[in-house]
1. Quick one: 3J(HN,Hα) in Hz for the stretch 180-187, Karplus 6.51/-1.76/1.60 with θ = phi - 60°, rounded, Gly and Pro as x.
2. In square nanometres and to one decimal, what's the mean projected area of the convex hull around the Cα atoms of the stretch 805-847?
3. Tell me the label-point distance for the pair K490, S229, using the 7 Å Cα-to-Cβ offset, in nm and rounded to one decimal.
4. Starting from the coordinates of the alpha-carbon atoms of the stretch 28-157, obtain the Kirkwood hydrodynamic radius over all distinct pairs and give the value in Å to one decimal.
5. Given 0.36 nm per residue, what is the gain on full extension from S339 to S607 after removing their alpha carbon distance, in nm?
6. Label points 7 Å out from Cα along the Cβ direction at S385 and D66: separation in nm?
7. So in the stretch 660-875, what percent of DSSP beta bridges are antiparallel if you round to the nearest 5?
8. What order, most packed first, do the peptides 617-626, 788-797 have when packing is the mean number of other Cβ atoms within 10 Å of each residue?
Amino acid sequence: MKIHHLIKISQYLLLLLCVLGDIGLTASTGMKVKLICIEEERQALVSFKQDLTDPSGRLSSWAGQDCCRWKGISCNNQTGHVVKMDLQNTYFDSMDYEEYCLGGKINSSLLSLKHLYYLDLSWNNFEGIRIPNFFGELKTLRYLNISFAEFAGEIPPSLGNLSNLNYLDVRPFSLKMYSKNLNWLSHLSSLKYLNLDGLDHNSSTGWLHVVNILPSLLELHLCDCRIESLPLSLHRINFTSLLVLDLSFNDFNISSFPSWLFNLTSLRKLVLRENSFSCQIPDKLASLKSLEYLDLSDLGLKGSGVPRVLGNLCKLKTLGLRGNNFDSGGIEEFWESLSNCTNNTLVLESLDLSNCGLKGQLPPSLGMLNSLQYLDLSNNHMNESIPQSLGQLSQLVELDLSLNSWDDILTEAHFISLTKLKRLSILNYIEKPMSLVFNMSYDWVPPFKLHKIEIRNCKVGPHFGVWLQSQTELAHVTLSRTGISDSIPKEWLLKLSSQLEYLDLSYNQFQGRLLSQKLMRFPSLISMILDHNQFEGPLSLWSTNATSFDLESNLFSGPTPNLLELYLSENHFNGTIPPSICNMQYLQVLSLRSNHFSGEFPHAWSSGSQITIVDAAYNNLSGNIPSSLGELSNLQILKLNNNNFGSKIPDSLQNCYVLKSIDLGGNKLSGSIPPWIGRSNVSMLYMLRLRSNFFSGHILRQLCNLGYLHILDLSHNNFSGTIPSCFNNLTSLVRDDSNKSHRIYNEQTMLTLKGEELVYNTTIMLVKSIDLSSNNIEGEIPQEIGSLTLLGTLNLSRNQLTGNIPSIVGNMHGLETLDLSNNRLSGQIPQTLASLTFLAHLNLAYNNLVGRIPLGSQLQTFTDPSIYMGNPSLCGVPLPTKCPGDDTFTATDAKPSNEDGSDKLWFYVSMVLGFVMGFWGICGTLFVKKSWRYAYFRFFDDIKDKITLAIVLKVARLQRKFSRV
């Protein structure tokens with residue numbers, strides 16, 4: 001043996017002795033040995049990193065020899081092997097989430113980590129790649145979390161090889177990931193936690209039988225998996241150790257609870273919300289005595305009030321029943337059943353009974369829920385009083401009693417012990433304003449510090465009491481329609497300014513000026529709503545990132561500020577609109593209606609703008625409508641009516657592909673209607689209002705392509721030609737389901753309906769009107785117009801129309817207003833008009849109509865002869881002109897010459913007495929005898945229209961008879 005070999009061997013022996021000596025020293029002294037990671041594993045990690053993208057430098061520590069010190073890497077303290085790789089993006093709830101995402105490829109070098117038991121790649125961005133097949137070869141894995149990491153495609157069945165796996169979370173970020181079948185799960189006999197939320201299982205079959213094979217399973221999450229099948233029974237239950245089961249947000253549509261569910265007696269958490277069960281809660285649910293969390297919200301469950309069985313689940317901490325149909329009862333039985341649990345075991349912390357149709361009142365024993373932290377009874381039919389025992393819920397953090405029918409006075413006693421209350425919501429129905437009164441003494445200081453207060457349509461004012469002023473930790477404030485006629489306390493607003501996010505003080509009578517920009521800073525403010533008050537003076541826009549301001553209907557005046565992200569309608573603003581408004585990148589709604597703005601509308605709009613609403617109606621603006629408005633590709637509503645704009649409608653507006661409403665009425669516009677208005681690029685248009693301008697030319701046939709159009713107002717212009725015969729293509733006026741327009745703005749529009757100008761806003765989507773009046777339209781009324789069965793107003797007055805009134809107009813059953821006056825129509829009034837039962841306004845004056853005015857139940861209600869005047873050849877009621885034959889009657893109808901007024905009086909008296917005796921002879925029996933009453937009402941429903949017509953005709957004959965006498 002060569003000498004150098006002997007030297008090497010001696011060196012290795014010496015090194016071994018040193019190591020053994022160090023180990024012995026460590027064992028005797030308790031000192032820890034510092035181990036450096038295995039070189040092969042370090043190289044594997046380096047190779048893994050090279051294929052990753054790391055924009056934020058999260059893996060910058062992956063350098064040097066000791067990989068056990070690298071961020072996200074953990075080693076075994078004794079062997080030095082890498083056992084844990086935790087690369088979860090912990091910034092998943094941050095605005096900077098994407099910056100911290102790892103991406104790229106997953107290198108198979110991980111296979112060199114043969115002792116790896118923990119792998120977490122969640123909340124990263126491996127978009128477009130599949131979960132690697134080789135993950136199934138990491139046999140030592142016990143924990144695998146690849147959720148929300150943007151993987152796509154099918155989950156590899158090779159994951160079924162991970163027989164040691166205890167924890168598996170593969171939730172996708174979207175539905176790009178799926179699994180055709182879950183048979184691979186059956187091999188994971190050690191699995192305790194399984195989360196497949198959001199994974200598309202629509203095509204997978206037998207999922208429940210596969211899961212049932214896993215005897216160690218403790219948690220199963222299958223939320224929002226598009227599963228349609230939920231077996232009602234299982235031959236054998238294996239996963240009886242299950243503690244958590246979440247099957248929410250799927251497509252189950254079954255008529256009963258699955259029977260196997262009641263065998264899972266170890267369950268602590270059960271979530272079934274957002275499915276369709278359409279049944280009652282069974283009594284067998286009481287077998288799940290270990291339940292601590294139960295969410296059955298929005299299942300379509302039925303019953304007479306909240307089921308008593310739920311009160312027997314004494315370990316229940318959270319109960320969610322929102323959105324079910326307990327509309328034939330209240331909560332009394334449930335409350336009584338709670339007494340089965342003693343105060344020592346009653347641990348209910350969260351109770352959500354919102355939107356359940358509950359009736360009745362809250363029981364006085366409300367205060368027994370001494371652990372309750374969250375109570376939501378909103379959107380029910382609870383009425384009468386709120387018990388003072390509410391004030392005993394000392395642990396209560398959030399309380400929502402909104403949208404009920406309360407009729408009570410709240411005092412300090414209702415809140416006396418609510419020391420932990422943070423969120424209070426009581427929004428009353430607008431139909432019952434002020435039926436709930438907050439009657440606190442002005443100087444009362446409550447025991448709580450709220451973060452959120454929502455009170456609407458309740459009596460709080462007139463003063464802004466100390467109990468409100470003491471709430472200085474508020475981030476969300478709604479005090480709308482509360483009857484406050486005070487000024488805003490400056491000190492209170494200053495204390496809120498640093499954390500305030502939402503402020504709504506609308507529809508009160510707040511007075512005075514707002515604080516100046518120098519004093520106020522609102523760094524967190526998102527929305528401020530101060531409309532319909534009496535604030536005055538110049539407007540200050542404070543330092544804020546708010547996206548919405550609503551200051552409508554106040555007394556603000558002076559010029560507008562250079563930055564504008566708000567509603568300024570119905571104030572006293574003047575001057576020009578600042579051009580800088582065009583540069584507001586995120587501006588979506590611009591409402592300047594009803595002010596005193598003058599000059600031209602800003603011209604420098606750009607394609608980068610996000611604006612959807614432009615409302616500058618009722619000002620003094622002049623010049624041309626800017627062609628740059630065509631750059632607003634998101635524009636949906638354009639209202640420039642009642643100004644002084646001239647020239648033509650710019651063709652550039654055809655680039656606004658999502659336009660839904662155009663109102664340019666009351667200006668000085670001229671020219672013809674642009675042909676693009678009827679093209680497919682503005683097919684969503686539901687209102688076109690061009691009235692009171694100087695437009696001319698023909699009414700375009702292209703307008704018939706606007707299937708969503710239900711308000712067309714071209715009145716008071718110079719249009720000529722004929723009415724297009726294709727109006728029957730306006731499907732929104734023919735079918736109930738044709739108008740799918742979504743309301744996005746409180747659009748205010750003045751329309752001429754029922755003979756007068758009316759302002760519509762909240763109900764504008766219900767208006768269906770065509771107004772072509774005061775033009776030069778000629779020709780006949782097209783027969784096709786009778787197809788518009790949903791049309792409510794048809795105004796064709798003050799034109800040059802000729803021919804007959806089409807009898808098919810009688811098919812327009814929704815018609816409330818028909819004005820054909822001041823034309824050249826001829827022929828008789830069609831009898832079919834009598835069938836228009838909703839007709840409330842009719843005007844046929846100043847035409848060439850002839851013959852008798854038709855009789856009918858509806859036409860007889862029009863007693864004003866002026867609606868027929870100017871038709872000299874018309875006759876009959878209500879005109880004084882009699883028709884031929886009205887003066888002929890037989891001798892038996894004649895009265896003696898000595899008949900006077902007293903005879904007529906006795907005639908009417910005898911009629912009244914006969915009516916009274918007949919009424920009580922028949923109706924008295926109806927009140928006493930139930931069977932007669934039922935038969936009568938059925939009979940009356942069948943013939944009431946015939947009786948009404950007969951009475952009207954009889955009265956008309958009597959009127960003519962006595963008028964002759």
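1. 5, 8, 10, 4, 4, 5, 5, 8
2. Computing the convex hull of the Cα atoms and averaging its projections yields 2.7 nm².
3. In this crude label model, K490 to S229 measures out at 7.3 nm.
4. Numbers: mean 1/r = 0.0646 Å⁻¹.
Value: 15.5 Å, from the Cα pair sum.
5. Computed gain between S339 and S607 is 90.0 nm.
6. Simple spin-label model gives 7.3 nm for this pair.
7. Values: 5 of 38 bridges.
Here the antiparallel bridges make up roughly 15 percent for the stretch 660-875.
8. Values: 617-626: 19.3, 788-797: 22.1.
The most tightly packed comes first, giving 788-797, 617-626.
Just so you know, all these numbers are worked out from the coordinates, no wet-lab data involved. Being a predicted model, the structure only gives us computed values, none of them experimental. All Cβ positions, even for glycine, are placed from backbone atoms using ideal geometry, and neighbour counts span all protein chains on display.
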